[in-house]
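The next block holds one structure in the form of structure tokens; read it before the comments.
No lab work stands behind these numbers, since they all come straight from the coordinates. Just so it is clear, the structure is predicted and the values come from calculations on it, not from any experiment. Don't worry about glycine lacking a Cβ; one is built from the backbone with ideal geometry, like all the others, and counts go over all protein chains shown.
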Amino acid sequence: MYSKKVMEHFMNPMNAGEIENADGTGIAGNMICGDVMQIFIKVKKSAGGNGKHDIIEDIKFKTMGCAAAIATSSMITEIARGKTIEEGLKITKADVADALDGLPPIKMHCSNLASDALAEAIYDYFSKNKYEISEGLKKAHERIKQERDYAEGLGEK
Ligand code: FES
């Protein structure tokens with residue numbers, strides 16, 4: 001059911017853990033299953049001042065979720081490390097699933113968590129640095145926040 005790559009990243013996740021004094025932290029929750037993923041980023045500023053070209057120097061995750069959620073967390077940290085913020089925002093759930101040689105259709109929603117948690121970490125980074133936040137990212141933040149609140153409610157039952 002799972003690809004070999006999914007199993008590898010599930011059994012030996014890359015970049016699991018927390019970054020102390022992270023420059024940005026994001027949490028995403030899945031409304032269907034209640035699983036929650038947290039992403040931490042350490043960012044190196046670059047010239048320009050609008051944040052888009054700053055570099056994601058380090059990235060780690062903490063995930064309470066299924067095998068696909070762990071594998072997608074691990075994979076997105078591998079994809080995003082060394083990329084600019086702008087590039088990081090362009091990573092889609094399909095990119096993450098493709099890099100894992102696919103996910104079973106019923107597990108595709110799990111890959112949302114990875115791209116959403118990264119978007120939230122970037123939103124947090126932009127907010128802290130008072131960078132201008134695009135309308136698209138603001139909208140994504142509102143949606144992710146709603147889903148997270150719902151998922152966290154599920155976890156409390
Ligand atoms: S079943 Fe919850 S994230 Fe996969």
Practice problem: Compute the relative contact order of the chain as a whole-number percentage, counting only Cα pairs closer than 8 Å that sit 6 or more residues apart in sequence. | Solution: 31
Exercise. Please work out the Cα convex hull volume for the chain and give it in Å³ per residue.
Key: 103
Quiz item: Using 1/(1 + (r/R0)^6) with R0 = 35 angstrom and r between the beta carbons of residue 98 and residue 130, what's the FRET efficiency to the nearest 0.05?
Solution: 0.50
Practice problem: Take each of the peptides 106-117, 124-135, 48-59, average the number of other beta-carbon atoms within 10 Å over its residues, and list them starting from the highest. | Solution: 106-117, 48-59, 124-135
Quiz item: What does the helix-only formula give at 222 nm for the chain: each DSSP H stretch with n ≥ 4 adding -39500 (n - 2.57), the total divided by the residues, and the result rounded to the nearest 500 deg cm²/dmol?
Solution: -15500 deg cm²/dmol
Exercise. Give me the aspartates and glutamates in straight-line cross-link reach of residue 138: C-alpha distance below 16 Å, same-chain residues under 8 apart excluded.
Key: 86, 116, 120, 124, 147
Quiz item: In whole Å, what is the distance between the alpha-carbon centres of segment 41-87 and segment 94-157?
Solution: 12
Quiz item: Stretch residue 12-residue 47 to full length: gain in nm at 0.36 nm per residue minus the Cα-Cα span?
Solution: 9.0 nm
Quiz item: How big is the charge dipole of segment 1-144 about its Cα centre, in debye rounded to the nearest 20, if each Lys and Arg gets +1 on its Cβ and each Asp and Glu gets -1 on its Cβ?
Solution: 60
Exercise. Could you give the size of the charge dipole of segment 67-157 about its Cα centre, using +1 on the Cβ of each K and R and -1 on the Cβ of each D and E, expressed in debye and rounded to the nearest 20?
Key: 100
